[in-house]
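Below: the structure, in structure tokens.
Each value in this text was obtained by applying a stated rule to the coordinates, not by laboratory testing. Source: prediction; values computed, not measured. Every residue, glycine as well, gets a Cβ built from its backbone with ideal geometry; the counts of neighbours run over all protein chains shown.
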Amino acid sequence: MLRPQDTATRERKRLDGLWDFRIDRDGVGVEQGWQDGALPEARAMAVPASYNELVLDPGDREFFGDLWYATTVRIPRGWQDQRISLYVESATHRATVWLNGHEIGSHEGGYLPFELDLTDAVEPGQECRLVIKVNNTLTFASIPPGVVEDGPTGPRQRYFHDFYNYAGLHRSVWLTATPKARIEDVLVVIGLDADTGLVDVRTTTSEADELRTALVLSDADGQEVASGQGSQAQLRVPAVELWQPGRGYLYELTIRLTDRDQLLDEYRLPVGVRTVEVRGTQFLINGEPFYFTGFGMHEDHAIVGKQHNDALMLRDFACLEWIGANSIRTSHYPYSEEFMEHADRTGLVVIDETPAVGLNLGIGGGLFGSQGYPTFSAETVNEKTQANHAQVIRELINRDRNHPSVVLWSIANEPESHTEESVHYFEPLFAEARKADPTRPVGFVNMMLARHGDCRLAQFADVIMLNRYYGWYAFTGDLAAAEQAWTAELNGWAGDGKPIIITEYGADTLDGMHQLIAQPWSEEYQQQYLEMNSRVFDGIDAVVGEQVWNLADFATTAGIIRVGGNRKGVFTRDREPKLAAHWLRRRWLDRKAADAQVEAPAD
Ligand code: GCB
């Protein structure tokens, strides 16, 4: 599946704006025919946006079930003889689509796009009513999982992850027109032979072998540097300009499908030439050891929730650049396609994560106020969950495999990983990821409950990713003891001979709270906590990265350990720096300058 584009042969129409919206409180929508499009008592809803902060009734905000969206669209009259489809970038967590009352299709999973063929259901020039029923209920089968429990006042949605379950149409919705004989998919695999870039292109087309596929690769100035033809071809780029961390040099690949001299379809793809390799305890990009600095993040902002918004995204990138971060992890779900494209352009290195978060029901239950459950059982996380998990791995890799910014797949965040059951569940999923992309390393993020020696999944990973909160959840307030225990644990992992990335470490911090004798929650403590962690990392060669939790404060469910959300941001929720941000900036800019062998910029 290809992202919609405007090219010589393709068109797209963004359907963003105010749609009609109705929460199906009584679960009567289908019975009452809301799918036909006349949504009774509808209110206006922004698309894209999370709906939750735009309704002020607490019951509406916390609602779980069906959310109905409807809009009227006109199919452009020039779209005769085209394949017309609907491309939905993100419907959290599943959706069913009707057009003029006819069911067109559905999709499971909230953070990855889906495309539905509308060709037989529409007439160019005509107006039609588009209805999308979004469902935000989390179950033991969904990724991420959740459960509906009986509460004193009725059923309640619980989940096992630490961010608010925002829902809605979070990213753009598109109508697209493509030629019927078309390019369906493109895979680019990169290699390097000395300073020659090897760009292997595999193109899938909708029909007939006798059609010709022509490839042209141009540099950033638009000059052609290589060309080729065929559905499988290798382009060689002498004296190649590499895509590098912090310098996202992109070529553009133009793929043209022709029938004799007639152009049938055209697609353009940015291409970054870079290699990724794990060698011993090193993580190499373009053959050079790479040290990750940066954050675990969230797509999260006041009012709009998980909406993709270009301006807010640019502010996040500006914060990352200011602080000297070279990388992020898309914790805990795939981010918008615009984000991935901008990472490619700016040279931001990305650890790309599936939405599999909270697959540790014992801990999740305790932390988030639910009863405890066994993680893996016939009634909880089971084969159905595993099938959905395999599906999101395939869909994520299929969506993001051509992004040079992506250097590592994370197939889950903090799952149960110390039991035999976890091996049964995860071993096939590692295989699934490797099959979908044999070119990149694969890992998962380990949590504190499965320390070195107890974790049974690390054996399947190319890179060890650790989330640790020594000095916060463990040894709270005692940084000296934390430093000792953390160093001891990390030395154990270092003995395994794989690179280690610290994917989370952080301390909740209330901006504005200052203390001379620094205690947890103060701005001073956050800085001292980060300083302590840095000392630990600097003493262990196998540590090849540090990603602080979190770039910014973010919304969570209500809880006694959350103050208006999770406050581990180095920036506030509106992206202003806390005290520690200045210290971190100094550390990372100095490190960057040392790597580049230049003088570090002054403050
Ligand atoms: C974690 C989770 C992350 C939480 C964080 C915390 O280990 O991966 O989702 O937000 O801890 O702050 O507790």
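What would the Debye equation give as log₁₀ I(q)/I(0) for segment 8-63 at q = 0.19, 0.20, 0.23 Å⁻¹, counting only Cα atoms as equal point scatterers?
Listed by q, the Debye log ratios stand at -0.79, -0.84, -1.01.
May I ask for the net charge around Ile501, where only other residues with Cβ less than 13 Å from the Cβ of Ile501 are counted and Lys, Arg are +1 while Asp, Glu are -1?
Details: positive: Arg329, Arg468, Lys498; negative: Glu353, Asp462, Glu504, Glu546.
Around Ile501, the surrounding residues sum to -1.
Could you check what % of the DSSP bridge pairs in segment 11-178 are antiparallel, to the nearest 5? Please report the intermediate quantities before stating the final value.
Values: 52 of 52 bridges.
Percentage antiparallel, nearest 5: 100.
Counting Lys and Arg as +1 and Asp and Glu as -1, what is the net charge of the other residues whose Cβ lies under 12 Å from the Cβ of Ser336?
Numbers: positive: Arg3, Arg171, Lys306, Arg399; negative: Glu89, Glu299, Asp310, Asp316, Glu337, Glu338, Glu341, Asp400.
Once positives and negatives cancel, what remains is -4.
Scattering from the C-alpha atoms of segment 454-545 alone, worked out with Debye: what is log10 I(q)/I(0) at q = 0.18, 0.21, 0.25 1/Å?
-0.78, -0.98, -1.24
As a footprinting exposure proxy, order Thr346, Thr203 by other Cβ within 10 Å, with the fewest listed first. Intermediate values should be presented prior to the final figure.
Numbers: Thr346 15, Thr203 20.
Neighbour counts put them in this order, fewest first: Thr346, Thr203.
So what is the calculated 222 nm ellipticity per residue for the chain, using -39500 (n - 2.57) for each DSSP H run with n of 4 or more, over all residues, to the nearest 500 deg cm²/dmol?
Numbers: 9 runs with 120 residues, N = 603.
That calculation yields -6500 deg cm²/dmol at 222 nm.
Work out, step by step, the length gained on full extension between Asp454 and Asp595: first 0.36 nm times the residue separation, then minus their alpha carbon distance; give nm to one decimal. Could the numbers behind the result be given before it?
Numbers: separation 141, 0.36 × 141 = 50.76 nm, distance 3.54 nm.
Contour length minus Cα-Cα distance gives 47.2 nm.
Rank the residues Asp310, Asp496, Asp221 as a footprinting-exposure proxy: fewest other Cβ atoms within 10 Å of their Cβ go first. Mind dumping the intermediate values first?
Numbers: Asp310 11, Asp496 16, Asp221 6.
Fewest-to-most Cβ neighbours within 10 Å comes out as Asp221, Asp310, Asp496.
For His418, what is the net charge nearby, where nearby means another residue's Cβ is under 14 Å from its Cβ and Lys, Arg count +1, Asp, Glu -1?
On the way: positive: Arg451, Arg456; negative: Glu414, Glu416, Glu420, Glu421, Asp454.
My count for the surroundings of His418 gives -3.
Exposed loop sites here are GluC sites (Glu not before Pro) in DSSP loop states with at most 15 other C-beta atoms within 10 Å. What is the longest stretch of the chain lacking them?
Values: sites that count: Glu31, Glu41, Glu62, Glu207, Glu210, Glu379, Glu599.
It runs 380-598.
Roughly speaking, what is the stretch gain from Ala194 to Leu312, that is 0.36 nm per residue apart minus the C-alpha to C-alpha distance, in nm to one decimal?
Values: separation 118, 0.36 × 118 = 42.48 nm, distance 3.98 nm.
Fully extending the segment from Ala194 to Leu312 adds 38.5 nm.
Rounded to two decimals, what is Rg over Rh for the chain when you use alpha-carbon atoms and the Kirkwood radius? Kindly include the intermediate steps, with their values, before the conclusion.
Details: Rg = 24.4 Å, Rh = 25.3 Å.
Rg/Rh for the chain comes to 0.96.
Treat each spin label as a single point 7 Å out from the Cα along the C-beta direction, and report the Ser377 to Leu263 distance in nm.
6.1
Give the long-range amide H neighbours of Thr419: residues separated by 5 or more places, or on another chain, with amide H under 5 Å away, using H modelled in the peptide plane at 1.01 Å from N.
Excluding prolines and chain starts, which carry no amide H, the hits are Arg456.
Report, please, the projected area of segment 279-412 averaged over directions, based on the convex hull of its C-alpha atoms, in nm². All intermediate terms of the calculation are to be shown ahead of the outcome.
Working: hull surface 42.0 nm².
So the mean shadow area of the Cα hull is 10.5 nm².
How would you rank Lys592, Lys180, going from fewest to most other Cβ atoms within 10 Å of each one's own Cβ?
Values: Lys592 19, Lys180 12.
Neighbour counts put them in this order, fewest first: Lys180, Lys592.
Any chance you could get the radius of gyration and Dmax over the Cα atoms of segment 212-335, in Å?
Cα only, segment 212-335: 18.8, 54 Å (Rg, Dmax).
When you have a sec, figure out the Kirkwood radius of segment 46-193 from all distinct Cα pair distances and drop it here in Å to one decimal? List each step's numbers first, then the result.
Working: mean 1/r = 0.0578 Å⁻¹.
The Cα-based Kirkwood calculation yields 17.3 Å.
What number of lysine-lysine pairs in the chain show an alpha-carbon separation below 20 angstrom, given a sequence spacing of 8 or more or placement on distinct chains? Could the numbers behind the result be given before it?
On the way: Lys13/Lys180; Lys133/Lys306; Lys306/Lys568; Lys568/Lys578.
For the chain, qualifying lysine pairs total 4.
Using only the alpha-carbon atoms of segment 182-271, report the extent along each of the three principal axes, biggest first, to the nearest angstrom.
Each principal axis gives a Cα extent; for segment 182-271 these are 40, 23, 19 Å.
If each of Arg25 and Lys435 carries a label point 7 Å out from its Cα toward its Cβ, how far apart are those two points in nm?
Those two pseudo-labels are separated by 4.7 nm.
Give me the number: length gained by fully extending Asp219 to Arg575, i.e. 0.36 nm times residue separation minus the C-alpha to C-alpha distance, one decimal in nm.
Working: separation 356, 0.36 × 356 = 128.16 nm, distance 3.49 nm.
Taking Asp219 through Arg575 to full extension adds about 124.7 nm, to one decimal.
Mind checking the log10 I(q)/I(0) for segment 390-527 at q = 0.17 Å⁻¹? Debye, one equal scatterer per Cα, no solvent, two decimals.
-0.94
By DSSP, what percent of the beta bridges with both residues in the chain are antiparallel, rounded to the nearest 5?
Values: 100 of 132 bridges.
Around 75 percent antiparallel, to the nearest 5.
Treat segment 480-591 as a sphere of radius equal to its Kirkwood radius over Cα pairs and apply Stokes-Einstein at 20 °C in a medium of 1.002 mPa s; give the translational diffusion coefficient in µm²/s, rounded to a whole number. Please list the in-between numbers first.
Values: Rh = 14.8 Å.
So the translational diffusion coefficient is about 144 µm²/s.
Treating only the Cβ atoms of Lys and Arg (+1) and Asp and Glu (-1) as charged, compute the dipole magnitude of the chain about its Cα centre; round to the nearest 20 debye.
Values: 56 positive and 89 negative charges, 54 e Å.
Result for the chain is approximately 260 debye, rounded to the nearest 20.
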